[in-house]
1. Taking region 74-100 on its own, how many of its residues are open to solvent by less than 70 Å² (accessible area, probe 1.4 Å), more than 15 Å from the chain's Cα centre (by Cα) and under 16 Å from H26 (Cβ atoms)?
2. Return the residues of region 88-101 that are without any contact (Cβ under 8 Å) to a residue 24 or more places away in the chain and within 15 Å of Y21 (Cβ to Cβ); say none if nothing qualifies.
3. Out of region 50-68, which residues are open to solvent by 30 Å² or more (accessible area, probe 1.4 Å) and under 13 Å from M39 (Cα atoms)?
4. Every residue in region 35-52 that is in a helix (DSSP H, G or I) and charged (D, E, K, R), please.
5. Please state which one of M55, M17, M39 is touching a helix residue (DSSP H, G or I) at 6+ places or on another chain (Cβ under 7 Å) and over 16 Å from T95 (Cβ atoms).
6. Under 6 Å between Cβ atoms, at least 6 apart or on separate chains: pull out the pairs that start in region 69-87 with a residue that is under 19 Å from E38 (Cα atoms) and end on any residue that is assigned to a helix (DSSP H, G or I).
7. Kindly indicate whether I24 is modelled with pLDDT of 95 or more, open to solvent by less than 20 Å² (accessible area, probe 1.4 Å), closer than 22 Å to E87 by Cα and touching a strand residue (DSSP E or B) at 6+ places or on another chain (Cβ under 9 Å).
Amino acid sequence: MSTLVHTHTDHETKLRMPHYYAVIIHNDDVTSMDFVVEMLVKVFHKSTVEASDLMMEVHNVGHGIAGVYTYDIAVTKKYQAERRASEKGFPLRLTLWEVEQ
């Protein structure tokens, strides 16, 4: 019969908060407003009213925050939006900005 020996190690596990990234949508002179609203609803799960308001902010200011996510989700959302735009022939540009915590 074997004996189980438990040894105790003194080390702490430190948890850190994940980094968050804002997905920024940029204005251009080609991408249609209707497409931007549709993309915000389908990719970023905005209501039609929220998507319309954000689209107008992007149009008037030049950019707006589509959402804030952990890195992997932010990259995925950016890719999905850009792929949809490319399929429609739009040059829509999105970038990621790290959010200060």
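1. Residues meeting the conditions: 2.
2. E100, the sole residue that qualifies.
3. Within region 50-68, E50, S52 qualify.
4. Step one: filter region 35-52 for residues in a helix (DSSP H, G or I), giving 35-44, 48-52.
Listed by number, the residues that qualify are E38, K42, E50.
5. On the way: M17 fails: touching a helix residue (DSSP H, G or I) at 6+ places or on another chain (Cβ under 7 Å); M39 fails: over 16 Å from T95 (Cβ atoms).
Result: M55 is the single residue among M55, M17, M39 that is touching a helix residue (DSSP H, G or I) at 6+ places or on another chain (Cβ under 7 Å) and over 16 Å from T95 (Cβ atoms).
6. K77/V43; Q80/V43; A81/M39; A81/V43; R84/M39
7. yes
The values are calculated or read from the model by the stated rules, or taken from the named source; none is laboratory data. Small disclaimer: the values here were computed from a predicted structure and weren't measured. When we count neighbours, we look across all protein chains shown, and the Cβ atoms used for this are built from the backbone with ideal geometry, even at glycine. The protein model used for the area step is the full one, side chains on, heavy atoms only, and it has no ligands, DNA or RNA in it. Shrake-Rupley method; radii C 1.70, N 1.55, O 1.52, S 1.80 Å.
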